[in-house]
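Engineer: Please see the structure below; I have some questions.
The numbers here are math on the coordinates, done by the rules we state, and not lab data. Small disclaimer: the values here were computed from a predicted structure and weren't measured. Note that each Cβ is placed from the backbone with ideal geometry, even for glycine, and that neighbours are counted across all protein chains shown.
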Amino acid sequence: MSVGILAHLLGKQPYEPLAAKAAESGFDYVQLALSKAISDVDFSLGKMSPGLANEVGGAFADHRVGIAVLGCYASLIELDDELYRHNVDRFKEHLRHARHFGAPTVATEVGVPPDPSRAKEHWARLDRALEELVEEAERWGVTIGLEAAQRHLIDSVDTLAETIDRFPSSCVGVVLDPCNLMNASVFDRQDEIIRCAFERLGTRIVSAHAKDLRREPDGSLKETAAGQGGLNYPLFWELLERHKPRGYVTLEGVAEAQFAAVAGFVREGRASARRAASSFS
């Protein structure tokens, strides 16, 4: 079974050695946030081109490492008009060039509202942004991957599913990170939350993330590498292989010294779930 990694966890560096390191580390693909991972190219708004995208994408292809997702973590809920316009235009630029990188998806968490009392205004901004971005994604045949995260406007199965329902285009999908659906108050109900995520979002998943959460003595949650916390990964693998067999799974929250062990944990867990599913088919 395949496994990938957030490219910037390999260390920000020029794109050619970055691609080589991804291959040497045994990863099949990366999620590539351009400005976070690549040090020798200016990816500021307006600088991207098909030639540049082909060159960067080609470096990864030469090492047989795919680019599963382009990460474009630009807040889409800003109330400042200039910043909002910049972020939406930047995301559209990623959508236009994604195919030249070899990436089928451009993903984001939508943004953290600084003032919860203005939530309605932030939702209006997000809907306005997605109207533009969906049109752009459909034009270029690329998928927008929306990811829930704690404190963000989209922070749960419900808020993510409701957003997907408002934008039912086949060019809108889900990047599913089960840990991002959890906080200290609900972690003990994780099985229910994981099952609900697949029931409501399973058909729209385009990629998944793998990290873990550990309950601390004071009751808080601490992020750690997949398999080193308390997430019910056997359940997650079972449902993922049932809904999206052989889909992308990308490591988060992992240090370089852990790469091999955590990648092995993911591969074996997914393979076991697939074997179990086959025995019942």
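Engineer: Mean separation of Cα pairs under 8 Å and 6+ residues apart, divided by the residue count of the chain: what relative contact order is that in percent?
Structural biologist: Value for the chain: 16 percent.
Engineer: Would you mind checking which residues have amide H under 5 Å from residue 77's amide H? H placed 1.01 Å from N; only 5 or more apart, or other chain.
Structural biologist: none
Engineer: Moving on. Given the C-alpha centroids of segment 1-78 and segment 132-166, what is the distance between them in whole angstrom?
Structural biologist: 22
Engineer: Select from 16, 268, 82 the residue whose mean-square fluctuation is largest in a Gaussian network model of the chain (Cα-Cα springs shorter than 10 Å).
Structural biologist: So, out of 16, 268, 82, the one fluctuating most is 82.
Engineer: Amide H of residue 210 versus every other amide H placed in the peptide plane: which residues, excluding those fewer than 5 positions away on the same chain, fall under 5 Å?
Structural biologist: Correct list: 250, 251, 252.
Engineer: Further, regarding this structure: How would you rank 88, 65, going from fewest to most other Cβ atoms within 10 Å of each one's own Cβ? Don't skip to the end; give the middle numbers.
Structural biologist: On the way: 88 21, 65 26.
Fewest to most other Cβ atoms nearby, the residues stand as 88, 65.
Engineer: For the chain, set up a Gaussian network in which alpha carbons nearer than 10 Å are linked by springs, and say which option among 143, 224, 108 fluctuates the most.
Structural biologist: 224
Engineer: Could you work out which residue, out of 35, 49, 185, moves most in a Gaussian network model of the chain, that is, has the largest mean-square fluctuation with Cα springs under 10 Å?
Structural biologist: Ranking 35, 49, 185 by mean-square fluctuation puts 185 first.
Engineer: Moving to a separate point now. Over all directions, average the projected area of the Cα convex hull of segment 1-130 and note it in nm².
Structural biologist: Projected area, direction-averaged: 8.5 nm².
Engineer: Rounded to two decimal places and with Rh computed the Kirkwood way over Cα pairs, what is Rg over Rh for the chain?
Structural biologist: Value, to two decimals: 0.95.
Engineer: If you don't mind, another one. Distance from the Cα centre of segment 188-215 to that of segment 82-128, in angstrom?
Structural biologist: The two parts, judged by their Cα centres, are 23 Å apart.
Engineer: Using alpha-carbon pairs under 8 Å, 6+ residues apart, how would you state the relative contact order of segment 152-281 in percent?
Structural biologist: 22
Engineer: Please give me the summed charge of the neighbours of residue 169: other residues whose Cβ is under 12 Å from its Cβ, Lys and Arg +1, Asp and Glu -1.
Structural biologist: The answer is -2.
Engineer: Here is a follow-up. Express as a percent, rounded to the nearest 5, the fraction of DSSP beta bridges in segment 4-279 (both residues included) that run antiparallel.
Structural biologist: Numbers: 4 of 30 bridges.
Around 15 percent of the beta bridges assigned by DSSP in segment 4-279 are antiparallel ones.
Engineer: Compute the signed sum of charges (Lys and Arg +1, Asp and Glu -1) over the other residues within less than 12 Å, Cβ to Cβ, of residue 44.
Structural biologist: Neighbour charge sum, excluding residue 44 itself: -1.
Engineer: Which of 127, 177 has the fewest other C-beta atoms within 10 Å, and how do the rest follow up to the most? Mind dumping the intermediate values first?
Structural biologist: Details: 127 14, 177 21.
With the sparsest Cβ surroundings first, the list reads 127, 177.
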